[in-house]
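J.: Below you will find the structure I want to go over with you.
The values are calculated or read from the model by the stated rules, or taken from the named source; none is laboratory data. It should be emphasised that the depicted structure is a prediction, and the values quoted were computed from it without experimental measurement. With ideal geometry, Cβ positions are generated from the backbone for all residues, glycine too; neighbour counts draw on all protein chains shown. Remember, those area values only see protein heavy atoms, side chains included, never the ligands or the DNA or RNA. Shrake-Rupley method; radii C 1.70, N 1.55, O 1.52, S 1.80 Å.
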Amino acid sequence: MNLEGQLPALQIVVPLVIAPLVVLLRDAGLAWAAACVTSVMCLAVAVLQASGVLGGEVASYQMGGWPAPFGIELRVDAFSALILLVITGASTLSLLGGRASLAADIADSRQPLFYAAWLIALAGLSGIAVTGDAFNVFVFMEISSLATYILIAAGPDRRALTAVFKYLIMGTIGATFYLIGVGLVYMMTGTLNFADMEARIAEVSDQRPILVAAGFITIGLALKAAVFPLHVWLPNAYTHAPNIVTAFVAACSTKVALYVLLRFDFFVFQGNLEDHLIQFAGFMIPLALLGIVVGSAVAVVETDLKRMLAYSSVAQIGYILLGASFASVTGLMASITHMFNHALAKGALFLAVAAIGMRLSHLTLDGISGIARVMPWTMAGLAVAGASLVGIPGTAGFVSKWLLLQAAMEHGAIGFAAAAVVVLSSLAAVVYIWRIIERAWFGTPEAAESVVGVQEAPWPLLAVLWIAAAANIYFGLVPAVPLDLAASSADELLRHLP
Amino acid sequence: MELLGLFNYWVFAVLLMVGFYAVIAKPNMIKKLLGLSIFQAAVFLLYITMDKVEGGTAPIIQAGVVDQIFSNPLPQVLILTAIVVGISTTALGLAIVVRIFEAYGTIEEDETQSLDLEE
């Protein structure tokens, strides 16, 4: 019994066990410290697993000692390792820097409960990434969603409540659709293990329940992932959540749903269902392109900072889907790398917004006029992350957008149209990021809310913001780790395609 | 006859749509949650129906009984978990509705929306 073999289980068990203990700590500072230590441990486990996967091994763990198709199998391959890095990294950075910002939003007596919910969300999200069992994915998805609803509802304003109610309704419908799909597949194959399902579905793939299941699962997960036009819960939920929660949720929760979507569609359905590739691509490419256009267009005219970045997320989800629906190695690599890079860029941007939120109450373009004169470090970090979101060479965003353009060019006329949309949308990103930077650096302070006397954000938040911003540059110059993981994930996902 | 043989699946489809209609069409948040519960209950029925084996009994091994046909216990276990998830979702949803009522003084979605717009 060596520790290394237990890593996949530790990834879930550590936060899940510590969460109820955090409730018992009645002191807000202690609870925060415990949550931070747990999150750092999870990050360490994720890094260890990623280095194992980079070394070429796929970790498999049999829960309770039951062998794979019967018991629940935990399975960590390149794709899951990359997603785990995103989840644990986002959680660790937001927690480490977020103490003061969260204390401003949430009453002291409630903070231990809040941090417990945070850890449960972390456990649920990691659970989705490590499990190899379709029903287990549903359970972890609901664990993470329920905890995320609580985190968002902790927002400072009553609109957080109506936003979270909408999210709860739509999220539950999405999860239930997924459950129906899994039920139909189980009815036809008698198995819940992804690998076993993939092998057995071949015999019954011409039957209608499998086709219906593919539809239910795709739509259900698209709801969870906020794919256009199922994104209506996202802008309000991101806008009214506590600022630090937005940084965490925006970086990972939609990506995890996309991870399950890609895993299910490519691993289980693509190799077996006749014409599934055409159906998948024919369904997803228009939605992805519309998402990119609408998300970017709304972001350009939006004046509320958080809402602007939330709509930009809708567009970025479009990029990720667009790459995946090309179903080529380059396309999938672009899609998977973009999950990582967008989490870096958007996480850093929302951390910067949280830093501004510490000092100003109105996070609008007018409200931040001239703020860079008093908070130069925060705004410089925001500029770096913004450059990465736009995709300026030398930042992480460029790497995945370049791959996406390459993948599009392989696809003839549709590809050219898609590439044109991507380029246009990147120009739109230049516009909306520039609107923030222009106001912050060159705007004159409005009389209504003066920025005179405002100080730079507290140092822990500034430190994590700069770690995230530096990571954007580092992975732009040395993208080997995400690219290697994305390349082996793409191979894994495509190996069943003819 | 074949249509009647699929009776449970018809009920599943009808319940699913009844629940879905309530979620979409009713502005009252409690009614939305009721709809959501019906929507989830329909899926429980789907799982419970598929595990039934004709002539099958409860999967308990007894001394002296061989060649007994058992119904599949796995979907029942799965749905037990799904019921727990459903209850937690409903409980959390109701808690949020209580807080919405405290904050807005109404639980009609159109009214909370117009209150938000006034701000």
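J.: With every protein chain present, what accessible area does residue A:363 have (1.4 Å probe, heavy atoms only), rounded to the nearest 10 Å²?
T.: My reading of the accessible area for residue A:363 is about 20 Å².
J.: Okay, moving on. Given +1 on the Cβ of Lys and Arg, -1 on the Cβ of Asp and Glu, and no further charges, what dipole in debye does segment A:275-498 carry about its Cα centre, rounded to the nearest 20?
T.: For segment A:275-498, the charge dipole is close to 220 debye.
J.: Let me ask something additional. What nm distance separates the two modelled labels at residue A:58 and residue B:31, each placed 7 Å from Cα along Cα→Cβ?
T.: 5.0 nm
J.: Am I reading the A/B interface right? What is its buried accessible area, both sides, 1.4 Å probe, to the nearest 100 Å²?
T.: Chains A and B together bury roughly 3000 Å² of accessible area.
J.: Rounded to the nearest 10 degrees, what's the angle between the helix A:396-409 long axis and the longest principal axis of chain A, both from Cα atoms, 0 to 90?
T.: Approximately 50 degrees, to the nearest ten.
J.: Okay, moving on. Keeping all protein chains in place and using 1.4 angstrom, which order do A:358, A:375, A:41 fall into by accessible surface area, from largest down?
T.: Ranked list, largest accessible area first: A:41, A:358, A:375.
J.: Give me the angle, in degrees from 0 to 90, between the Cα long axis of helix A:412-442 and the longest principal axis of the Cα atoms of chain A, rounded to the nearest 10.
T.: The answer is roughly 20 degrees.
J.: A follow-up question, please. Please list, in order along segment B:103-110, the HN-Hα scalar couplings obtained from phi with the Karplus expression 6.51 cos²θ - 1.76 cosθ + 1.60 (θ = phi - 60°), rounded to whole Hz, x for Gly and Pro.
T.: My calculation for segment B:103-110 gives 7, 10, x, 7, 10, 8, 5, 5 Hz in order.
J.: Still on this model: Could you tell me the distance between the Cα centroids of segment A:196-257 and segment A:403-417, to the nearest Å?
T.: Result: 25 Å between the Cα centres.
J.: Right, another one. Which value, in Å² rounded to 10, gives the accessible area of residue A:48 with a 1.4 Å probe and all protein chains present?
T.: Here the accessible area works out near 100 Å².
J.: I need the phi-derived Karplus couplings for segment A:134-147: 6.51 cos²θ - 1.76 cosθ + 1.60, θ = phi - 60°, integer Hz, Gly and Pro marked x.
T.: Whole-Hz 3J(HN,Hα) from phi for segment A:134-147: 5, 6, 4, 4, 4, 4, 5, 4, 6, 4, 5, 5, 4, 5.
J.: Per 0.36 nm of contour for each residue apart, how much would the distance between residue A:470 and residue A:297 grow if the chain were fully extended, relative to their Cα-Cα spacing? Walk me through the numbers before you get to the answer.
T.: Numbers: separation 173, 0.36 × 173 = 62.28 nm, distance 2.85 nm.
Separation in residues times 0.36 nm, less the Cα-Cα distance, equals 59.4 nm.
J.: Please list B:37, A:426 from largest to smallest accessible area, probe radius 1.4 Å, with all protein chains kept in place. Write out the running numbers ahead of the final one.
T.: Numbers: B:37 45, A:426 20 Å².
Descending order: B:37, A:426.
J.: Which value, in Å² and to the nearest 10, is the accessible area of residue A:302 when all protein chains are kept and the probe is 1.4 Å?
T.: Only protein atoms counted, so the area is about 40 Å².
J.: Compute the Cα gyration tensor for chain B, then decide on rounded, prolate or oblate, letting a ≥ b ≥ c be the square roots of its eigenvalues: rounded whenever a/c is under 1.5, prolate when a/b is larger than b/c in the other cases, and oblate in all that remain.
T.: Here chain B falls in the oblate category.
J.: Within 10 Å, at most 12 other Cβ atoms, and a DSSP state outside H, G, I, E, B define an exposed site. Report the longest part of chain A free of exposed trypsin sites (Lys or Arg not before Pro).
T.: The longest such stretch corresponds to A:27-494.
J.: Ok, one more. At a Förster distance of 30 Å, what's the computed FRET efficiency of residue A:362 paired with residue A:108, Cβ-Cβ distance as r, to 0.05?
T.: Plugging the Cβ-Cβ distance into 1/(1 + (r/R0)^6) gives 0.75.
J.: Right, next: What accessible area per residue, rounded to a whole number of Å², is obtained for the protein assembly as shown using a probe radius of 1.4 Å?
T.: 38 Å²
J.: Note down the nm distance, to one decimal, between modelled labels 7 Å out along Cα→Cβ at residue B:63 and at residue A:232.
T.: If labels sit at residue B:63 and residue A:232, their model points lie 6.3 nm apart.
J.: Same structure, new question: Between B:86, B:55, B:19, where does the largest GNM mean-square fluctuation fall for chain B, given springs only between Cα atoms within less than 10 Å?
T.: B:55
J.: Only helical DSSP H runs with n ≥ 4 go in: add -39500 (n - 2.57) per run for the protein assembly as shown, normalise by residue count and round the 222 nm mean residue ellipticity to 500 deg cm²/dmol.
T.: Result for the protein assembly as shown, helices only: -25500 deg cm²/dmol.
J.: Given a Förster radius of 30 Å and the C-beta distance between residue A:27 and residue B:108 as r, what FRET efficiency does 1/(1 + (r/R0)^6) yield to the nearest 0.05?
T.: Working: r = 40 Å, r/R0 = 1.34.
Efficiency, from the Cβ-Cβ distance: 0.15.
J.: Still on this structure: Assuming 0.36 nm per residue, please report the length gained on full extension of the stretch residue A:377 to residue A:199 beyond their Cα-Cα distance.
T.: Fully extending the segment from residue A:377 to residue A:199 adds 58.7 nm.
J.: Related question: What's the carbon and sulfur percent of segment A:165-206's accessible surface, probe 1.4 angstrom, rounded to a whole number? Numbers along the way, then the final one.
T.: Details: 560 of 1110 Å².
Result for segment A:165-206: 51 percent of the exposed heavy-atom area is carbon or sulfur.
J.: In addition: Calculate what fraction, in whole %, of the accessible area of segment A:358-428 sits on carbon and sulfur atoms when a 1.4 Å probe is rolled over the protein chains.
T.: With neighbouring chains kept in place, the figure for segment A:358-428 is 74 percent.
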